[in-house]
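The values are calculated or read from the model by the stated rules, or taken from the named source; none is laboratory data. Since this is a predicted model, take the numbers as computed values, not measurements. Please note: Cβ atoms are built from the backbone with ideal geometry, for glycine as well, and neighbour counts cover all protein chains shown. Please note that ligands, DNA and RNA were not included when accessible areas were found on the heavy atoms of the full protein model with its side chains. Shrake-Rupley method; radii C 1.70, N 1.55, O 1.52, S 1.80 Å.
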Amino acid sequence: MANAIAILLRQANSTKHKSSHLPCLSLPPKYSNKKRKEFLPHIIIPLYLFHNPRLSSFLTMATFIRNLVISYAFLAVFLSAGIGVFVGVESFGINYGQVANNLPPPDKVLELLSTLNLTKTRIYDTNPQILSSFANSNIEIIVTVENEILSQLDDPQQAAQWVNSHIIPYLPETKITGVQVGNEVFTDDDTTLIQHLVPAVVNIHNALSQLGYSNIKVSTPSSLAVLASSYPPSSGSFQSEISGIMYQFLNFLSTSKSPFWINAYPYFAYKDSPNGISLNYVLFNPNAGMVDPYTNLHYDNMLYAMVDAVSFAIARMGFKGIEVRVSETGWPSKGDADEVGATPMNAATYNRNLLRRQMAGEGTPLNPRMRLDVYLFALFNEDLKPGPTSERNYGLFRPDESMTYNVGLSALATSSASTSSSSVSLASSAARVKVVAPWKCKKLVNWILVCVLISTLYG
């Protein structure tokens, strides 16, 4: 192409072509020789092609071949990508709990996550079998320090030893992206744990940083009970009895650029007050919602209101720029007689609507341009969890990998710079989840190929 342009320029500069083939081109004196060379081809080539059909046909064929190659390359990428369930949902993860005696082995769990195209999960320990099985996969995993050992980790040497024995052996093959230090420590029944939290968090972060892994973010998930007020969201504030340690913790998050994780369950609010809270509001269904009287922000679901209440509480402590993420949320498919709303239909509705919003890359009313990261609870029903029946029935799947209920998801992801179009379809409640292999989409692929060829030939 460069040679062709050079030839055209030489011909354009000849007297013959200036007088008999091409209109006279006169560029203003302000154009330098360099700018003239950049400018002339855009004018000369179209004019010359108009007067030279043979060269025009040659270049048209070259363009055709180039477009054909690009089209086939695009098609190859499409086919190699596969067709899965949660394609493009970058902000969505799932909690992989293990309080059960009948769960599939980690390698089977990895297959299940891959089938669903889920790339983020969180476990509640540092199970070596899981970390080894997930090596060389595309799964990003957040691990957890058990509450029982927090008191040991406020010693820097003990924390460094823990990192060297529980994290480092699996890097970088296993994509460990975060460490959760404890779970709901601020509101744990053992009130002595809280004094060990910040030292343990700082020590683990320092140990990782010294080994070159400062990219692994250290934090801790909290229950919504850390808030003294959450309604309306703008009134969000932390409990006064934890404010001193919470300030230290927020200061660490601000310095290390780590997120604040919250376990947020609209189900509990509805269960406690089914007559006072709209079911549609907590299930993300269409509803009138509520308007915060102090900010005029409109909320059409409770989860976003909970998240923004935490953001306001953080701001009240004098911190800005700390991202709030949801470490747990979900809805039980079964409960005791007094657990109102724990049904398969409500669980399916909550999860379906949440995923649709995740696929659209939504943020909360307070931070609409910041996509909300959410980890759904949970992957499996866990038969050994203590407490009411609902605690053992949050899973999307049974231990045999069949679906707990008909999720009935059929939502198209919104095309945007950060998410790609995709379809979700989890239909069968009786059978195991199956991969929709590319060859089973032969008709779809054929139609795409026809469209590509038509656009190449006539576009």
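Some notes on this structure:
- Given (1) open to solvent by less than 30 Å² (accessible area, probe 1.4 Å); (2) out of contact with any helix residue (DSSP H, G or I) (no Cβ under 7 Å at 6 or more places or on another chain); (3) hydrophobic (A, V, I, L, M, F, W, C), index of the condition I322 fails: (2)
- The set of residues in the range 115-147 that are touching a Leu at 6+ places or on another chain (Cβ under 9 Å), open to solvent by 10 Å² or more (accessible area, probe 1.4 Å) and farther than 21 Å from R325 by Cβ comprises S133, S137.
- Residue match in the range 371-379 (condition: farther than 30 Å from S256 by Cβ, open to solvent by less than 10 Å² (accessible area, probe 1.4 Å) and touching a Lys or Arg at 6+ places or on another chain (Cβ under 8 Å)): no
- Which listed residue is in contact with a strand residue (DSSP E or B) (Cβ under 6 Å, 6 or more places away or on another chain), farther than 20 Å from E184 by Cβ and among the charged types (D, E, K, R), from R356, R369, R316: R316
- Of the residues T349, T364, the single one that is touching a Pro at 6+ places or on another chain (Cβ under 9 Å), modelled with pLDDT of 95 or more and not aromatic (F, W, Y) is T364.
- Any hit, the range 405-417, residues being over 29 Å from K217 (Cα atoms), touching a strand residue (DSSP E or B) at 6+ places or on another chain (Cβ under 9 Å) and surrounded by 22 or more Cβ atoms within 10 Å (Cβ to Cβ): yes
- Each residue in the range 170-191 was checked for being open to solvent by 40 Å² or more (accessible area, probe 1.4 Å) and either free of Cβ contacts under 8 Å to residues at least 24 places away in the same chain or on the phi > 0 side of the Ramachandran plot (or both), and 4 of them qualify.
- Sub-9 Å Cβ pairs linking a first residue in the range 104-128 that is over 12 Å from F380 (Cβ atoms) to a second residue that is in a helix (DSSP H, G or I) and aromatic (F, W, Y), at least 6 apart or interchain, are T126/W162; T126/Y170; P128/Y170, ordered by first then second residue.
- Test set (1) in contact with a Phe, Trp or Tyr (Cβ under 9 Å, 6 or more places away or on another chain); (2) open to solvent by 40 Å² or more (accessible area, probe 1.4 Å); (3) closer than 26 Å to Q248 by Cβ - M306 fails condition number: (2)
- Selection from the range 286-334 of residues that are within 22 Å of the chain's Cα centre (by Cα) and assigned to a loop (DSSP other than H, G, I, E, B): D300, N301, G321, I322, E323, G330, W331
- Qualifying residue in the range 146-166 (condition: in contact (Cβ under 8 Å) with a residue 24 or more places away in the chain and under 30 Å from A305 (Cβ atoms)): yes
- Looking at the range 206-251, the strands (runs of 3 or more DSSP E) lying wholly inside it that each contain 3 or more residues that are in contact (Cβ under 8 Å) with a residue 40 or more places away in the chain sit at 217-219, 221-223.
- Count - residues of the range 335-353 that are of a type outside the set (F, W, Y) and not in a loop (DSSP other than H, G, I, E, B): 9
- Hits in the range 148-158 (condition: open to solvent by less than 10 Å² (accessible area, probe 1.4 Å) and either touching a His at 6+ places or on another chain (Cβ under 6 Å) or closer than 12 Å to I176 by Cβ (or both)): L150
- Test: R356 is open to solvent by 30 Å² or more (accessible area, probe 1.4 Å), out of contact with any Cys (no Cβ under 6 Å at 6 or more places or on another chain) and not in a strand (DSSP E or B): yes
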